[in-house]
Amino acid sequence: MGEVNQQRLRELFRNHFGHDAASIVQAPGRVNLIGEHTDYNGGFVLPAAINYSTCIAFSPTNNRELHIVAENFNAQKVVIDLDKPMQPDADAPWSNYARGVVQELQKRRYRLAGGHLLISGNVPAGAGLSSSASLEVALVRALTELSGEAIDPTNAALVGQAAENNFVGCNCGIMDQLISALGQESSALLIDCEDLSTRSISIPEDWEILIVHSGVKRGLVESEYNQRRVQCETAAHFFGQKELRGVSLEQLLAAEDKLDPLSFRRARHVLTENERTLTAANALSVGDMPTLIRVMAESHESMRDDFNITTPVIDHLVEILQQAGAGEAGARMTGGGFGGCVVAVAPSKIIPQLVAAVEQRYEADTGCVPRLIPAKASRGAFAH
Ligand code: GLA
């Protein structure tokens with residue numbers, strides 16, 4: 001895995017369209033180190049872009065059609081007429097991301113132009129590593145470059161998020177698109193999702209990120225996800241706020257017997273997670289591994305007990321990593337939840353013992369097949 005092969009992409013493009021690609025854009029997936037389900041509450045997140053990306057090779061045409069081929073979906077091809085209203089396509093669901101991005105760019109008055117596009121990526125799909133966001137951000141970059149429009153990374157992220165919210169139907173927050181657009185090599189990004197300000201925090205050189213896919217396909221993600229969002233908003237409204245960022249942990253704790261127990265637990269996860277994320281960012285910036293390990297563990301417990309988005313198998317995988325690290329590795333589930341991946345952060349010398357423990361115990365204990373995904377914090381979207 002690792003980098004998408006550019007030469008191969010150019011070759012595939014030539015095979016499909018009979019001429020050379022003019023350009024290639026690339027946007028990465030992400031792993032979130034901590035700060036889960038906080039983004040749509042105006043809170044804090046600490047993700048890193050990873051060395052798995054969606055690439056789009058493209059060239060302009062002189063008409064008003066986009067001809068798009070998705071290499072990862074059996075080289076299925078769609079044609080999108082830029083002058084017709086965008087309609088969802090049940091036969092090519094992947095293309096709805098393109099349709100959504102076109103619609104959102106047009107809403108914002110970006111000029112668009114026809115082109116040939118070939119999409120290919122190696123972000124594991126359905127793993128909680130933001131293959132969708134990387135596709136959206138790559139599409140925004142490719143479509144704006146095709147028509148010669150400039151768009152800054154934050155706006156590119158906002159367009160991608162709007163496409164997902166309004167066209168695809170998942171009410172996701174801004175984290176995935178923003179880190180895909182703005183990631184920096186060897187760094188995590190602390191994002192304040194209230195004002196979208198960011199602080200880049202370099203990851204100590206001798207630490208590594210290990211992602212482990214639980215082998216559990218994420219189920220019910222969208223319905224459960226949207227439901228969590230509504231529950232958080234309900235809790236915020238109880239305090240007369242639009243989002244939970246406007247509520248303090250003290251206020252929440254003082255209102256425990258007035259708020260329904262479910263809203264209380266959801267809100268407690270979000271507000272304590274915000275604090276843990278800030279603590280983790282500071283710990284990372286000074287290389288304080290024990291603190292990072294502690295807050296990652298607390299984050300997982302809070303996702304398990306208050307937010308109810310983990311599964312027993314994922315909990316077990318986290319336990320295996322924590323035990324194997326013997327106090328020297330942080331581990332927690334990462335991403336939206338209900339399956340998908342676990343992230344571990346540890347000094348490089350500890351990584352082999354984490355890998356060995358997963359290989360020896362996980363499948364034997366759970367019957368699920370793990371997939372080890374070594375990751376490097378990488379730069380955000382760019383054009384070749
Ligand atoms: C998904 C969403 C993000 C974020 C995470 C949970 O990845 O797309 O916006 O809410 O879940 O932290």
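The values are calculated or read from the model by the stated rules, or taken from the named source; none is laboratory data. Bear in mind the structure is a predicted one, so any value in this text is a computation, not a measurement. We place every Cβ from the backbone using ideal geometry, glycine too, and count neighbours over all the protein chains shown. Just the protein is used for accessible areas: all its heavy atoms, side chains included, with ligands, DNA and RNA removed. Shrake-Rupley method; radii C 1.70, N 1.55, O 1.52, S 1.80 Å.
Just a few scattered comments:
- The length gained on full extension between residue 92 and residue 76, counted as 0.36 nm times the residue separation minus their Cα-Cα distance, comes to 5.0 nm.
- Separation of the alpha carbons by more than 31 angstrom is noted, of 107/242; 242/376; 84/242; 107/376, for 242/376; 84/242; 107/376.
- Each of residue 242 and residue 282 was given a label point 7 Å from its Cα along the Cα-to-Cβ line. The distance between the two points is 2.9 nm.
- For the chain, modelled as a GNM whose springs connect Cα atoms under 10 angstrom apart, the maximal fluctuation among 348, 200, 131 occurs at 348.
- Tilt relative to the chain, helix 131-147 - C-alpha long axis, 0 to 90 degrees, to 10: 30
- Within-14-Å neighbourhood charge of residue 302 [Cβ basis; K, R +1; D, E -1]: 0
- Close amide-amide hydrogen proximity is noted between residue 339 and 311, each under 5 Å apart and 5 or more residues distant or on a separate chain (H modeled in the peptide plane; Pro and chain starts excluded).
- Taking Cα atoms only, the orientation of helix 312-325 departs from the longest principal axis of the chain by about 70 degrees.
- GNM result for the chain, Cα springs below 10 Å: residue of 368, 341, 172 fluctuating most strongly: 368
- Only alpha carbons enter this Debye calculation for segment 310-367, each as an equal point scatterer, and the log10 of I(q)/I(0) it gives at q = 0.27 Å⁻¹ is -1.12.
- Listed residues 282, 32, 41, most fluctuating in the chain (Gaussian network, C-alpha, under 10 Å): 282
- Calculated [222 nm] ellipticity per residue, helices only, for the chain: -12500 deg cm²/dmol; basis is -39500 (n - 2.57) per DSSP H run with n ≥ 4, divided by all residues, nearest 500.
- Cut-off 13 Å between beta-carbons: net charge of the residues surrounding residue 83, Lys and Arg +1, Asp and Glu -1: +1
- Loop sites in segment 179-243: GluC sites (Glu not before Pro), DSSP, at most 15 other Cβ within 10 Å: 185, 194, 205
- Local electrostatic count at residue 276 - Lys and Arg +1, Asp and Glu -1, tallied over other residues with Cβ under 13 Å: -3
- Cα long-axis angle, helix 221-238 against the chain (0 to 90 degrees, to the nearest 10): 60
- Prolate/oblate/rounded call for segment 88-164, Cα gyration tensor, a/c under 1.5 rounded: prolate
- Mean accessible surface per residue for segment 163-240, computed with a 1.4 Å probe while every protein chain stays in place, in Å²: 44
- Here is the P(r) of the chain: all C-alpha pair distances, binned every 10 Å from 0, give 5, 24, 32, 24, 12, 3, 0 in whole percents.
- Whole-percent carbon and sulfur share, accessible surface of segment 114-165, 1.4 Å: 47
- Classified by the C-alpha gyration tensor, segment 158-229 has an oblate form. Its axis ratio a/c, with a ≥ b ≥ c, is 1.5 or above, and a/b does not exceed b/c.
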